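Visitor: Would you mind keeping the following structure in view while I ask a few things?
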Amino acid sequence: MKRAMMIPLAAALSLTGLAACSEKAQDQTEQAADAIGDDIEATADNAADTVGQAFEDTGEAIDNGVDATENEIDEETR
């Protein structure tokens, strides 16, 4: 009779351990997903900043070219 009671008790303990492990695995998976999401967001922000800076640099180059062209025209017409 003791043996008959031990088997269900052992099974119950095993399931409790499995449930705790499963919860821990879920927590770790959630943390990993959050970290991946944060990395994606940071990468997108960095890309947007880089593209924005490239547009600003291009605009400055165009302005400088326009200024240089105007100066050349002014010098030629004097």
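Visitor: Is it true that THR58 is modelled with pLDDT of 90 or more, over 41 Å from the mean Cα position of the chain (by Cα), of a type in the set (Val, Ile, Thr) and surrounded by 10 or more Cβ atoms within 10 Å (Cβ to Cβ)?
Guide: So THR58 fails the test.
Visitor: Using beta carbons and a limit of 6 Å, which pairs, at least six apart or on different chains, have the first residue in segment 19-31 and modelled with pLDDT of 75 or more and the second one surrounded by 10 or more Cβ atoms within 10 Å (Cβ to Cβ) and acidic (Asp, Glu)?
Guide: Once the first residue is modelled with pLDDT of 75 or more and sits in segment 19-31, no partner that is surrounded by 10 or more Cβ atoms within 10 Å (Cβ to Cβ) and acidic (Asp, Glu) comes close enough.
Visitor: For ILE73, which of the numbered conditions (1) open to solvent by 70 Å² or more (accessible area, probe 1.4 Å); (2) within 20 Å of the chain's Cα centre (by Cα) fails to hold?
Guide: (2)
The values are calculated or read from the model by the stated rules, or taken from the named source; none is laboratory data. All values reported here derive from a predicted model rather than from experimental measurement. Positions of Cβ are backbone-derived with ideal geometry, glycine not excepted, and every protein chain shown enters the neighbour counts. When the accessible area is computed, the model is the full protein with side chains, heavy atoms only, and any ligands, DNA or RNA have been set aside. Shrake-Rupley method; radii C 1.70, N 1.55, O 1.52, S 1.80 Å.
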